[in-house]
Amino acid sequence: MDVRSIPLEELLPPLYPVRTHADDDKMRELVRSIATKGLLHPLVVTPEDGNYRILAGHRRLIAIRGLGWQDVPCHVMDLDGRKAEDITVEENLVREDINDLDLGYFLKHICDREGLTQRQVAERYGHSGAWANRYIRLTKLDDDTQMAVQEGVLDGRAALELQRVDNEDLRKVWTREAIVYGHSVTRVRQQADQYQRNKQVVDQAVETAQEVREEQATSPYQLYCVGCGTPALERSGSMAWLCVGCLRAIDEAAQRQAVAEE
C-alpha cells in the first residue's frame, strides 16, 4: 500500500460530489475523534496533473482542515476514471449514512454526464431503475422541501408521497404538519392515498375555502339594521346593529313607556 503524507494544498475535491450536506453533530464527532485518536484511515487519492484527486475521505479532509493540519496521510492509487468513480461511490453509498437528496443529485449527475438512463446507472450499482428514480425525483422537489429533507426533518420517502398531492395549498399544509408533528411515512402515504381517492371533492373544497378567505379579506362583512334592514355601509363589528332612525324610535318608545308608567 502506497501511503504518503501529502500537503493539503495539493489535494483536489472529489469529481463526484455525493455528499453535499454535512451533519454538524457528526462532523463535530469526527473532529473530536481525529483530534484524540489521530487519522485511523488515510484518505484515498489518485494522481492528477501534479496534484491528487480525492476519491474517498472528503469529510475527513474537512475535519483535518478544521484542526489546522498542514498535510495528511493518503493512500495513493493510480486509477482511471471509472475505477476512481467506483471507489467514491463505495465510500459514500456503503460506508457512510448518505443523505437521500445527496444521493439523488449524485445519480442525476452521472446520468447527465454520461448520457445514461436511470436504469443503466442503477444497474451499475446493483439496483433497479425504480431505485434510481426514487432518489432522482427528490432533486425535483421545491427548495423548501429539499431543505427539509437535507436537514433530516422530513423523510425523503414522505416528501415523495406528498408530491402525489396535486393541490399546492393542501400539499404545503400537509408538508408542514409532517415536519412539525413528525408524521411517519405510513401516515403521509395514507393521506396521499385518501387524497387520490377523493381528489375532485378535496380540490373543490380547498378551492371553495380559498375563495371564501379571499372574499372575507377583501370585503368586510355586510351588516344590516335588525330593525328596518338598512345596510351598514362600510361598517364592520358587532353582528347586531341598529341604524340611527331605529335607535331614535326605540329611545322615543322607551321615553313614552317611562311617562306612561309614572
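Brief remarks follow.
- Compared with the alpha-carbon gap, the fully stretched path from residue 173 to residue 197 is longer by 6.8 nm at 0.36 nm per residue.
- In Å², nearest 10: area of residue 69 left accessible to a 1.4 Å probe: 80 Å²
- Lysines with Cα under 20 Å of residue 26, excluding same-chain neighbours fewer than 8 positions away: 37
- Per-residue SASA entry for residue 252, accessible area with 1.4 Å probe, Å² rounded to 10: 90 Å²
- Accessible-area rank, largest first, for 199, 26: 26, 199, with all protein chains present and a 1.4 angstrom probe.
- Residue 49 accessible area, 1.4 Å probe, all protein chains in place, Å² to nearest 10: 140 Å²
- Annotation: lysines with alpha-carbon distance below 26 angstrom to residue 199 (same-chain offsets under eight excluded): 140, 172.
- Accessible-area order (highest first, 1.4 angstrom probe) of the listed residues 147, 27, 77: 147, 77, 27
- Heavy-atom accessible area with a 1.4 Å probe sorts 33, 5, largest first, into 5, 33.
- Sequentially through the stretch 104-119, phi angles give Karplus couplings (6.51, -1.76, 1.60; θ = phi - 60°) of x, 5, 5, 4, 5, 4, 5, 4, 5, 5, 9, x, 9, 7, 4, 5 Hz, Gly and Pro residues having no value and appearing as x.
The values are calculated or read from the model by the stated rules, or taken from the named source; none is laboratory data. Since the model is a prediction, treat every value here as computed from it, not as a measurement. All accessible areas refer to the heavy atoms of the entire protein, side chains included, with ligands and DNA or RNA removed. Shrake-Rupley method; radii C 1.70, N 1.55, O 1.52, S 1.80 Å.
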